[in-house]
1. Need the failing condition index for residue B:75 against (1) in contact (Cβ under 8 Å) with a residue 24 or more places away in the chain; (2) farther than 18 Å from residue B:200 by Cα; (3) out of contact with any helix residue (DSSP H, G or I) (no Cβ under 7 Å at 6 or more places or on another chain), just the number.
2. How many of the residues making up region B:163-203 are at pLDDT below 85 and more than 26 Å from residue B:14 (Cα to Cα)?
3. Do we find a residue being farther than 19 Å from residue A:199 by Cβ and in contact (Cβ under 8 Å) with a residue 60 or more places away in the chain anywhere in region A:20-39?
4. For the condition closer than 22 Å to residue A:113 by Cβ, within 14 Å of chain B (Cβ to nearest Cβ) and in a helix (DSSP H, G or I), what is the one hit in A:72, A:77, A:61, A:65?
5. Looking at this structure, is residue B:205 outside any loop (DSSP other than H, G, I, E, B), farther than 17 Å from residue B:20 by Cα and in contact with a helix residue (DSSP H, G or I) (Cβ under 8 Å, 6 or more places away or on another chain)?
6. Just to check your reading of the model, which residue among A:43, A:9, A:113 is at positive phi and in contact (Cβ under 8 Å) with a residue 60 or more places away in the chain?
7. Any residue that is under 19 Å from residue B:266 (Cα atoms) and modelled with pLDDT of 90 or more - is there at least one of those in region A:98-112?
8. Starting from region A:247-259, take each residue that is over 17 Å from residue A:10 (Cβ atoms) and list its partners that are loosely packed, with under 10 Cβ neighbours inside 10 Å, counting only C-beta distances under 9 angstrom and pairs at least six apart or across chains.
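The values are calculated or read from the model by the stated rules, or taken from the named source; none is laboratory data. Only a predicted model underlies this, so the values are computations on that prediction, with no experimental measurement involved. Glycine gets a Cβ as well: all are built from the backbone with ideal geometry, and neighbour counts include every protein chain shown.
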């Protein structure tokens with residue numbers, strides 16, 4: 001049971017980083033990212049390939065994956081050059097995400113296609129004894145999560161964060177005030193992308209084996225659920241949201257013991273249905289989520 | 001080359017109905033509905049239940065399901081989108097994404113991941129100018145042409161169609177003229193449901209029935225609708241044909257796995273160079 005909780009803790013950590021990244025792009029910047037699963041795939045595969053084929057060590061590979069996803073996100077954000085409506089951008093991200101997943105599935109020479117990549121080494125994996133390694137990985141995950149939270153908090157409260165929120169509320173006003181809307185959008189999407197790359201790297205380290213089936217739409221579903229439940233724009237909320245969603249998801253594995261008739265396909269289907277219903281119910285009954293976005297507090301006398 | 005172009009024409013024709021549904025829904029409801037793919041999947045499986053399992057002829061099954069699915073779409077709208085009306089595009093978009101997950105996985109829950117196909121008797125393909133056409137392709141073209149004509153008549157010649165265009169254009173003004181927008185929204189969903197159900201069957205005939213069958217078309221269908229100009233029915237038709245033919249021709253020079261790249265590139269180009277699409281109204285911001 002303890003080891004199950006430790007493993008759950010690690011999963012919650014990298015899901016929370018993913019949720020924070022989406023929260024930064026969408027909650028704070030108003031740039032909806034329906035290609036999340038694809039960018040996450042890109043991050044995971046970049047990290048794994050940099051180690052396995054590029055011969056990089058784990059920290060370098062992680063930084064490399066962050067840079068690669070950030071660059072991909074920046075390029076995607078460029079399509080908002082003329083049309084800034086969320087609708088169109090959402091469709092573009094959906095397509096880009098789909099494309100990235102297809103690359104992982106089809107470029108056998110690079111990604112081994114449906115076979116997946118195995119034997120991904122872990123940070124300090126050869127130094128730390130195997131029996132206590134999960135505790136180290138949990139500690140590392142928590143540290144990276146807190147680091148992500150700190151960086152994103154600082155960014156959200158910086159002048160840049162204010163421009164980004166202004167864009168979300170009304171980009172025409174921001175442009176009228178002389179802010180460079182396109183450049184700010186590219187940056188906010190790229191920064192979010194870097195953290196998607198970080199979450200993807202941790203995914204690679206945790207599972208040590210990756211294949212395209214791990215990156216289905218459920219990634220998008222739970223990340224959106226986490227951000228909405230936590231309250232759009234609220235960083236801490238995204239973490240709690242991710243924790244709640246992952247506990248729910250991992251907990252639903254035990255459904256199999258209760259109802260033995262369920263095979264794994266059906267169980268997977270039920271989990272996504274639950275997430276989908278939860279998503280819609282939240283949007284209808286509690287669209288503001290359970291936590292509030294950071295606001296500058298003004299002392300009133 | 002000619003054969004590929006013809007195949008592209010057929011895959012374009014398959015996309016016309018969902019593209020039309022997307023553009024109608026966007027025109028009246030003002031948000032892109034990402035659940036259209038999963039809706040086609042569910043409708044196709046409903047037809048499969050009647051045709052493949054109960055042995056109905058495909059045509060009768062499709063007609064029954066099309067009408068029923070129009071009703072299903074109205075019910076879905078009342079349950080999910082009505083409480084969210086006026087909440088802003090992003091909320092509705094995310095809700096439609098969630099709805100798509102639910103519908104696709106209901107189909108997966110009921111029928112599993114195995115590919116299935118409709119019960120239709122095989123027929124020998126016939127040749128015309130060295131182009132091989134099979135019977136399903138001819139049926140697809142005929143049905144789409146019929147549906148497009150009916151849609152055009154509906155939009156231009158009937159009071160409901162006029163009211164739909166009025167609501168799409170300016171809901172407040174339509175309300176002032178005594179057009180009740182909720183009633184028009186129900187009509188729009190019904191028509192979209194019929195179009196999606198027939199579209200789902202056409203996809204199922206062309207490929208196979210499997211849970212992601214509809215979602216695979218979402219990017220292409222949206223590309224078609226955007227290329228033609230979101231909200232323009234004629235544009236949706238033209239956009240679908242262009243995307244279909246170009247995607248199919250692209251397989252001559254690039255690996256077919258990446259066919260989705262064509263609609264994606266089309267969206268990116270159109271957004272940067274001609275945001276209103278080919279037939280859309282010029283793009284005005286507040």
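1. (1)
2. Final tally of qualifying residues: 15.
3. Looking through region A:20-39, at least one residue is farther than 19 Å from residue A:199 by Cβ and in contact (Cβ under 8 Å) with a residue 60 or more places away in the chain.
4. That would be A:72, the only listed residue that is closer than 22 Å to residue A:113 by Cβ, within 14 Å of chain B (Cβ to nearest Cβ) and in a helix (DSSP H, G or I).
5. So residue B:205 fits the description; yes.
6. Step by step, each of A:43, A:9, A:113 is checked, and only A:113 is at positive phi and in contact (Cβ under 8 Å) with a residue 60 or more places away in the chain.
7. Among the residues of region A:98-112, at least one is under 19 Å from residue B:266 (Cα atoms) and modelled with pLDDT of 90 or more, which makes the answer yes.
8. Short answer, once both residue conditions are applied: A:256/A:264.
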